[in-house]
Amino acid sequence: MGDVLFLIFRRLRAPLITLIMVYAISIAGLALIPGVDPDGHPWTMNIFHAFYVISFTATTIGFGEIPYPFNDAQRLWVTISIYLSVVGWAYTIGSVFALTQDVTFRETLYRGWVRFRVHGLAEPFYIVCGYGQSGRAMCKALDALGIRVVVIELRPERAAGIAIEDYARPPLVIRADARLPEVLIDAGLNAPECCGVLALAAGDELNQSIAISTAMLRPGLRVVARTVSQVARDNLESFARVVVINPYETFATNVGLALTAPSMLRLEEWLTGAPGTECPEFIRLPLGHWIVCGYGRFGHALARELDAAKMPWQAIQRSAADLRALEPGAAVPAAGEDDERVVTEDDTGFALDEAGIDHAVGFVAGTDSDAVNLALANRARRRKPGLFVLIRQNNVADRLLIDAAGAQMKFVQSDVMVHECLQILTSPLTNRFLRRIRRKGPDVASQTTAALQAIVGELVPELWAFNCDPKRAGIRRAFSARIDPPFALSDLLTDPEDPARPLAVMALLLVREGKTVLLPEPDTLLEKGDELLFAGRSGTREVQMRYAFDPVPIEYLRTGHEPPRSALFRWLTLRAILRSRAGADHRHKSADQSVEARR
C-alpha cells in the first residue's frame, strides 16, 4: 500500500498543486474584495464564507450570493475563479484517468492486492516460478490435490492466461521477476504456510538465481529447481533442501528402465502421476540397434543409458553450417569419445543409411525443433515401417501434431517435471519406496502393481504418509494400555465407520528408527514414531486420518460401541461404571458373608 500511495502522490503532485493554487488564489481574492451590505455599509467576506462560495461555485452550478448580494467587482472575480477552477479540475481529472491507465500504477496496485491476499492465506501453498509448460502442468497437478499455488510470471501474456484456466482454486499471480528477493517475499516466501518453491522458469540461470535467493532468504525451505546444466546442478546441490531435477537425465533413466525393467518403469510412472489420471500404458522398448537424431544434452543422456543397457546406437547431429544458420555464433556439440558413432547430417537420407537404419529397431527424434522431429520420424518410418519411434515434444502448442505422429513413446518435459515434483513434494517417502523396489527387481514391481490395482483400480492412486505421532489424540489413544489387542497396521486398513469393510488402500513402506520395511504385512504391530507410506483411492486419506486425530474410531473398532465425546457424557459414563463396579463389589461381599454364616 505504501508503494501505491507514493506513486499516486508522485504522479498527481503537479495537478494537486495546481488545484490548490487555484483555490487559494480564488478564496484570497474573494475575501479581499470589499462588498456592500443591505444598509449600504462596506463589508468584507471572511475566509470561511469565501471558501464555501468558491467550493460550491467550482464544483456545482452555484447556490447564489451569500451572505449578501455581490457587487460587480465580486461577481467579476467569481467569474474568473469559475474558469480557473474548470481548468484546474480538468487538468487534475485528466491526470487521474491517465494514472489509472498507467501500466506501472496498475501493476503496483495489483501486486499490492495480491500481496494482501497471499499474506491472508491460512492454508499450505507452494510458490511456482514460471508459468510455461512445466509450470502450468505443475499448477494443474497441485490444484487437483487441493493445494493452493502462488505463481510468479514475468511475461504478461502467460500471466493473463491463468484467469481463463479451469482451476478449482485459481492461483494468485504476481507479474514480476522471480529472481528479485522482494518479489519472492511478496509471494509469501516468509509465510509459515509456504511449503516450498518450484523454480520452473525458462533457463538454468533464472532457476539457479531463484533457488539461491530462496535458500538464502529462508533456509530449510524445500526448493525444487529444473536445470540441464551440470555447472548449475553442482552449484545448487551445495545448498541444503535444494533438489535439482534434470528432465533429460530423468527421462533417459526411464528409457533405461524400459529397456531392462519395463514393469519397474510402469510402477514408477503410475505412482508418480497426477492422482485420478489414467494408468500409463505398458511400454516395452525393443532390444537392438538404436538411432539417436539430435546429439545435444538430450541425446547424450539417452546415449549413456543405451550404453548402460548394452544397446548399440548411432547418433546423427546437424552439420556446423546448419547449426550456425539456425543460431549465428553457436558452437557445434563435441562428440568426444563417440566420434565414430556420430554422423554429421548434410543429407538426411545419407545420414540414415550411414547410421544403420536398415537394421535399427528404434529411432529417437530428439532435436529442439518439433517440425524437424516430425519430419525425421516420418522419414524414418517410410524407410523402415514398424520402427519403434521415440519423439521429443518441445512446444505445448504442438501436442496435437506430436500425438498425430503416432510415436510409441514421447518425451514431454512438463510431464516429466510433474512426476518428479509430485514425488518429491507430496510424499518424500515415495523415493525411498521406489529405491527399495528397484533393488528387489522387476518381478516384485509387477506383483506390487497387480496387488495395488486390485485394491485401488486402474487410475493413479493418491500417496500420503501416516505418522504414528503420540501427540495426536487418536494415536495416543491407540497406544494406550486399554487397547487390546495392540495397535496394528490392519487397523489403519479398516474403515473407521464400518469395521467389516476394508479401505481401498495399501501400505507400501514402513519406516521405523531409520530402517525400512517394504510392503509390510497387515498384522504388523505398530510402534510410536512409525512412518507409513500408503497408496489409495481419492478420498481414503481423509477417512484414514481420523485414526490419527480422533480417539473415537479406534475404540469403536475394538468394541463396536461409540464412546461419549463430550465431557459431561464421559463423566456420566464413568460414574455409571463406578456405580456398577461398586454394586458388583457389594454383591460379592454379601455372598461371602452368606457363605460364612452358613458355615
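Mind checking the full-extension length gain between R383 and F350? Use 0.36 nm per residue of separation minus the Cα-Cα distance, one decimal, nm.
Values: separation 33, 0.36 × 33 = 11.88 nm, distance 1.17 nm.
In short, 10.7 nm is gained.
Calculated FRET efficiency, R155 and A375, Cβ-Cβ r, R0 30 Å, to nearest 0.05?
Working: r = 29 Å, r/R0 = 0.97.
Calculated value: 0.55.
Ranked from highest to lowest mean number of other Cβ atoms within 10 Å per residue, what is the order of the peptides 142-149, 419-426? Don't skip to the end; give the middle numbers.
Details: 142-149: 18.4, 419-426: 21.4.
Ranked from most to least packed, the peptides come out as 419-426, 142-149.
How about segment 222-275: which GluC sites (Glu not before Pro) there lie in a loop by DSSP and see at most 14 other Cβ atoms within 10 Å? All intermediate terms of the calculation are to be shown ahead of the outcome.
Numbers: sites: E237, E249, E268, E269; in loops: E237.
Sites meeting the loop and neighbour criteria: E237.
Give me the net charge of P156's neighbourhood, meaning all other residues with Cβ under 14 Å from the Cβ of P156; Lys, Arg count +1, Asp, Glu -1. Kindly include the intermediate steps, with their values, before the conclusion.
Details: positive: R106, R111, R155, R158, R175; negative: E107, E153, E157, D177.
For residues surrounding P156, the net value is +1.
Binning at 5 angstrom from zero up to the longest distance, how are the C-alpha pair distances of segment 442-530 distributed in percent?
3, 12, 20, 24, 21, 12, 7, 2, 0
Non-local amide H neighbours of A488 (under 5 Å, H modeled in plane, Pro and chain starts lacking H): which ones?
Placed amide hydrogens put L526 under 5 Å from A488.
Relative contact order, percent, of the chain when contacts are C-alpha pairs under 8 Å separated by at least 6 residues?
Working: 917 pairs, mean separation 50.9, N = 599.
Across the chain, relative contact order equals 8 percent.
Compare the peptides 354-360, 34-40, 522-528, 260-266 by average per-residue count of other Cβ atoms within 10 angstrom and give them in order, highest first. Don't skip to the end; give the middle numbers.
Details: 354-360: 16.3, 34-40: 10.7, 522-528: 14.1, 260-266: 20.7.
Taking the mean over residues of other Cβ atoms within 10 Å, the ranking is 260-266, 354-360, 522-528, 34-40.
Taking H as built 1.01 Å from N, whose amide H comes closer than 5 Å to the amide H of L508, not counting residues under 5 places away?
Residues meeting the amide H criterion: L533, F534, A535.
Under 18 Å from a point 7 Å along the Cα-to-Cβ line of A451: which residues of segment 223-266 have their amide N that close?
263-266
With only Lys, Arg, Asp and Glu charged, each at its Cβ (+1 for the first two, -1 for the last two), find how big the charge dipole of the chain is about the Cα centre; round to the nearest 20 debye.
Charge dipole of the chain: 2200 debye, to the nearest 20.
Do any trypsin sites (Lys or Arg not before Pro) in segment 430-515 lie in a DSSP loop with no more than 12 other beta carbon atoms within 10 Å, and if so, which? Please report the intermediate quantities before stating the final value.
Values: sites: R432, R435, R436, R438, R439, K440, K471, R472, R476, R477, R482, R512, K515; in loops: K471, R472, R482.
Answer by residue number: K471, R482.
Rounded to a whole number of µm²/s, how large is the Stokes-Einstein D of segment 209-258 at 37 °C and 0.692 mPa s, given Rh as the Kirkwood radius over C-alpha pairs?
On the way: Rh = 11.6 Å.
For the chosen part, D equals 284 µm²/s.
Give me the 1.4 Å probe accessible area per residue for the chain, excluding ligands and nucleic acids, in Å².
Values: 30940 Å² over 599 residues.
Solvent-accessible surface per residue comes out at 52 Å².
Calculate, in nm to one decimal, what A488 and R10 gain on full extension: separation in residues at 0.36 nm each, minus their alpha carbon distance. Mind dumping the intermediate values first?
On the way: separation 478, 0.36 × 478 = 172.08 nm, distance 6.81 nm.
Full-extension gain reported as 165.3 nm.
Compute the acute angle (0 to 90°) between the alpha-carbon long axis of helix 204-217 and the principal axis of greatest extent of the alpha-carbon atoms of the chain; round to the nearest 10°.
80
Using a Förster radius of 60 Å, what is the FRET efficiency between D523 and V103 based on their Cβ-Cβ separation? Nearest 0.05, please. Working shown, then result.
Values: r = 66 Å, r/R0 = 1.10.
So the FRET efficiency works out to roughly 0.35.
Of [x] 1.21; [y] 1.05; [z] 1.01, which is the value of Rg/Rh (Cα atoms, Kirkwood Rh) derived from the coordinates here?
Matching the structure shown: [x].
Taking each pair of distinct Cα atoms in segment 110-192 once, what is the resulting Kirkwood hydrodynamic radius in Å?
Numbers: mean 1/r = 0.0794 Å⁻¹.
So the Kirkwood estimate lands at 12.6 Å.
In nm, what is the difference between 0.36 nm times the number of residues separating T277 and A90 and their Cα-Cα distance? Write down the numbers at each step before the final one.
Values: separation 187, 0.36 × 187 = 67.32 nm, distance 5.93 nm.
Extra length from T277 to A90 when fully extended: 61.4 nm.
List the residues whose amide H sits under 5 Å from the amide H of V36, counting only those 5 or more places along or on another chain, with H placed 1.01 Å from N in the peptide plane.
Answer set, sorted by chain and number: W43, N71.
How many angstrom separate the Cα center of segment 184-246 from the Cα center of segment 433-511?
Rounded to whole Å, the Cα centres lie 33 Å apart.
Please give the Cα centre distance for segment 83-135 versus segment 1-80, rounded to the nearest Å.
Their Cα centres are 34 Å away from one another.
Net charge within 12 Å of L519 by Cβ-Cβ distance, Lys/Arg positive one each and Asp/Glu negative one each, not counting L519 itself? If you can, show how the numbers build up before the last one.
Details: positive: R436, K440; negative: E521.
Spelling it out: positives minus negatives among the neighbours equals +1.
So what does C194 come to for accessible area, using a 1.4 Å probe and Å² rounded to 10?
10
If you look for lysine pairs in the chain that are eight or more places apart or on different chains, how many of them have Cα atoms under 29 Å apart?
11
The values are calculated or read from the model by the stated rules, or taken from the named source; none is laboratory data. Quantities reported herein were computed from a predicted structural model and do not represent experimental measurements. Here Cβ is always computed from backbone atoms with ideal geometry, including for glycine, and neighbour counts include all displayed protein chains. For accessibility, only protein heavy atoms count, side chains too; no ligands or nucleic acids. Shrake-Rupley method; radii C 1.70, N 1.55, O 1.52, S 1.80 Å.
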